[in-house]
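The values are calculated or read from the model by the stated rules, or taken from the named source; none is laboratory data. Bear in mind the structure is a predicted one, so any value in this text is a computation, not a measurement. Note: ideal-geometry Cβ built from the backbone for every residue, glycine included; neighbour counts use all protein chains shown. SASA here: full protein model, heavy atoms, side chains in, ligands and nucleic acids out. Shrake-Rupley method; radii C 1.70, N 1.55, O 1.52, S 1.80 Å.
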Amino acid sequence: MFYYIRIFIYISYGRILTSLKNVIGDIMADVLVKIKVEDFEKWKAMFDNFDEERKAAGSKGATIFRDAEDPNLVIILLKWDDLSNAQKFYEPR
């Protein structure tokens with residue numbers, strides 16, 4: 001179903017704060033995913049089915065964008081409560 005997936009994790013407050021994590025506590029993270037799907041409606045239904053699982057793992061929500069020229073090209077911006085929770089969620093199982 002997916003042709004490719006690119007996941008980029010960046011720190012909302014800037015890279016410099018990674019070294020200060022022990023001083024300031026948890027750092028929220030955003031995950032940016034770009035995927036090409038065969039059928040957006042089918043993919044969206046599947047994505048929505050995992051909403052509770054993402055929330056339980058620390059996701060604070062997601063924003064979905066679609067390409068105007070190719071509606072099956074999807075970009076998702078997910079907010080996470082902590083960088084380590086985001087990394088754990090995307091580890092291979």
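Just a few scattered comments:
- Spin-label pair ARG93-THR63: with each label point 7 Å from Cα along the Cα-Cβ axis, the two points sit 2.7 nm from one another.
- Over all other residues within a Cβ to Cβ distance under 12 Å of TRP43, the charged ones net out to 0, with Lys and Arg as +1 and Asp and Glu as -1.
- Accessible area of LEU32 in the full protein assembly, 1.4 Å probe (Å², nearest 10): 60 Å²
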